[in-house]
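Take a look at the structure below.
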Protein chains: 2
Amino acid sequence: MTATATARRTVRVDLGDRSYDILIGPGLISAAGREIASRLKGRKIAVITDAHVAPLYLGGFMGALQAEGIDAVSLVLPAGEKTKSFEHLISVCDSVLAARIERNDAVVALGGGVIGDLTGFAAGIVRRGSRFIQVPTSLLAQVDSSVGGKTGINSPHGKNLIGVFHQPDLVLADTDVLDTLSPREFRAGYAEVAKYGLIDKPDFFAWLEKSWRDVFAGGEARIEAIATSCQAKADVVAADERENGQRALLNLGHTFGHALEAATEYDSARLVHGEGVSIGMVLAHQFSARMNLASPDDARRVEAHLGEVGLPTKMDQIPGGLPPAEKLMDAIAQDKKVKAGKLTFILTRGIGQSFVADDVPQSEVIAFLKEKLPK
Amino acid sequence: MTATATARRTVRVDLGDRSYDILIGPGLISAAGREIASRLKGRKIAVITDAHVAPLYLGGFMGALQAEGIDAVSLVLPAGEKTKSFEHLISVCDSVLAARIERNDAVVALGGGVIGDLTGFAAGIVRRGSRFIQVPTSLLAQVDSSVGGKTGINSPHGKNLIGVFHQPDLVLADTDVLDTLSPREFRAGYAEVAKYGLIDKPDFFAWLEKSWRDVFAGGEARIEAIATSCQAKADVVAADERENGQRALLNLGHTFGHALEAATEYDSARLVHGEGVSIGMVLAHQFSARMNLASPDDARRVEAHLGEVGLPTKMDQIPGGLPPAEKLMDAIAQDKKVKAGKLTFILTRGIGQSFVADDVPQSEVIAFLKEKLPK
């Protein structure tokens, strides 16, 4: 787990004839024209981005494409979670078709998770599947949402309930763009980086405990952390693309986290996704200790590290208060099927020893939440 | 190619772990509860249908489900091609989610091609893919659109431009329902039956020439014709699910047909899909003869048979006039990629000897259309 001399890293996602590369390193937006032109048969691209990202990177990205003779059009959508809607899906499909993007051309998502999920979904349904390139501009998108092919939009019935599996043909993770993220947004992405250590890479978690300041500072350690995260996700996805089994491990911390996001009405001023995951991972470790599955020391170690980097680790750090335990349980049950009072949860036997538990008693979860909720 | 003693037929579509059965025969709507209950783990179903089909079959279908303890909800949409829109896709997704259809439950399309295409698309995107059952109620849907997993809606840019490949888990083709079709609608479906003979089954085409009156009358010959058609489509789909090659043969007659549908603005009073395919198949054979690929006798034989059953075979049979050849060519080019003045077309060397030609000169097509268009 040491930094290498060459800055650029490549992670391969092995999915047979749908395999693809994730390129990770500095300067990839400027190099995008070359990287895309060498892989794509077509010469036409539709770039979908949002109003936050466009002023920063759209010009440079379009210039890089045009320099290689690629004919590109762009669509700038409003920034934010509300953009993951049918309304914006329709407008993306419409602009891709209006640009006459054909089988050998591609649709590009230039942005964070919202733009990636929405654009990937549109690419997955235009002409029953079009080529798709991810250019993730947040740490969260680089280490999580841009890899693995889950795409989708939200429904009034819940988040990500409408979508398809549609793998990208290429992911370009330009690590330079991370310098423009707010510290809060970078930390939120870092929660997913730490997650890979907690799932099944105890050495990576130990390295993060030691090296997180270097990861935050940028340079080789950051590229190393992103590449390790992408490789971890790529391995899980290659083994279980459609989440019939072990892919569920990627949801470590997410069951509690999603319930907290729902309880705060997805108000990013109160809680963003990565913060929910951070608190959720601590809760998952504490709950595992309570169930005598893991040592309380491991829960304390997780809490200490996430707290040290500046992430929230306790529900009482969420401003504006939370609903009672039973209400949180409802939000959990909406996501998960409750069978005879039992839930499926990602629990752990210790740092890097997560597993899928499908018989967690609902009553234990409620009792645990009552203990942990601010009085 | 003779009728068998048992009325019910089963055709298997071999697609690995996504294989499924097509049951063909009388009484399958009444038997739907039993057939579905024995195959489905879940006990919840959302039935999507339209205002034409609902008064005829929805009550009986829901009753059959309830008799087997299946909890079913239904949604009745307007009938007609305009229903294949984002607006109705959203309402189908919404009612499926509102009914809390989960992984082991299913979404059912009870209707013709429009309802099947729309509902299959919704099933393909709700929770990134839900179980899906086709109960086709038109001949066209039974022999064509309900088999093979192509789903989708129309866009202002063209038909079926937005969708996914999503295979059903079961197809129930109740041949009793065909008795309520208008003769015109039955004939339109018959064009697709004849198509399978023309693609690569000369013996089936010869049998149809001899036995078409029995097929129209119902009974064993009709079940035989439907089963042979489904088997033909199943074989093509199993070999090339995502249309990378030979699946394109299923488009015999469709390139000209789609152009005629577009030219008549999808006005079913003037031309329905099967009629466009009928004229299109005659044109494909005539054009193949003109290119010295096939004998003009074969084109005459196709024209004679389709004419005998009452299908239109000439462009001048379309009421209301047609645009000039160049305009028709534009409609063809919108569907197909034109590379250096060359088009991909399904042509033929004779009855049952169709092939994919990817170098058809656009100029030849225009000259041919000028000859054939009413003066």
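Quick note: the coordinates plus some simple rules give every number you see, no bench work behind them. Just so it is clear, the model here is predicted, and its values are computed rather than measured. With ideal geometry, Cβ positions are generated from the backbone for all residues, glycine too; neighbour counts draw on all protein chains shown.
Odds and ends about this structure:
- Cα-based shape type of the range B:62-145, given that a ≥ b ≥ c are square roots of the gyration tensor eigenvalues and the cut on a/c is 1.5: oblate
- From phi via Karplus (6.51, -1.76, 1.60), per-residue ³J(HN,Hα) for the range B:112-119 in Hz, x at Gly/Pro: x, x, 5, 5, x, 5, 5, 5
- For the range B:187-198, putting each phi into the Karplus relation 6.51 cos²θ - 1.76 cosθ + 1.60 with θ = phi - 60° gives couplings of 4, 4, x, 4, 4, 6, 4, 4, 4, 4, x, 5 Hz, in residue order, rounded to whole numbers and with x for Gly and Pro.
- Size of charge dipole - the protein assembly as shown - debye, nearest 20, with Cβ of Lys, Arg +1 and Asp, Glu -1, no other charges: 160
- Most positive-pole-ward Cα, A:Ser229, B:Ser91, B:Asn154, against dipole of the protein assembly as shown from beta carbon charges: A:Ser229
- Size of charge dipole - the range B:184-372 - debye, nearest 20, with Cβ of Lys, Arg +1 and Asp, Glu -1, no other charges: 240
- The dipole here belongs to the range A:256-355: it is taken about the Cα centre, uses +1 on the Cβ of Lys and Arg and -1 on the Cβ of Asp and Glu, and is about 480 debye.
- Position A:Leu373, label points 7 Å along Cα→Cβ, spacing to each other copy in nm (shortest first, one decimal): 7.3
- Between helix A:254-263 and chain A: long-axis angle, C-alpha atoms, 0 to 90°, nearest 10: 90
- Tensor-based shape of the range A:174-298 (alpha-carbon gyration tensor, a/c under 1.5 rounded, otherwise prolate or oblate): rounded
- Hz values of 3J(HN,Hα) by residue in the range A:264-275 - Karplus curve (6.51, -1.76, 1.60), Gly and Pro given as x: 9, 6, 6, 8, 5, 5, 8, 7, 9, 3, x, 5
- Spatial separation of Cα centroids for the range B:289-357 and the range A:311-367, in angstrom: 62
- Peptides ranked, highest mean first, by Cβ atoms within 10 Å: ranges A:53-60, B:286-293: B:286-293, A:53-60
- 13 Å beta-carbon shell around B:Gly352, net charge (K/R +1, D/E -1): 0
- Antiparallel %, DSSP beta bridges [both residues in the protein assembly as shown], to 5: 40
- Mean per-residue shielding of peptide B:122-128 is 6, counting Cβ atoms of other chains within 10 Å of each Cβ.
- Most mobile of B:Ala99, B:Ala234, B:Ala284 in a GNM of chain B (Cα contacts under 10 Å): B:Ala99
- For chain B, the square roots a ≥ b ≥ c of the C-alpha gyration tensor eigenvalues yield an a/c of 1.5 or more together with a/b exceeding b/c, which makes the shape prolate.
- Here r is the Cβ-Cβ distance between A:Ala367 and A:Ala238 and R0 is 45 Å; the resulting FRET efficiency, rounded to 0.05, is 0.70.
- Highest-fluctuation residue, A:Gly320, A:Gly163, A:Gly152 considered, GNM on chain A with Cα pairs under 10 Å: A:Gly320
- Between A:Ala194, A:Ala46, A:Ala206, the residue with the greatest mean-square fluctuation in the GNM of chain A (Cα pairs under 10 Å linked by springs) is A:Ala206.
- For A:Val47, the residues whose modelled amide H falls within less than 5 Å of its own, excluding neighbours fewer than 5 places apart on the same chain, are A:Val73, A:Ser74, A:Leu75, A:Val108.
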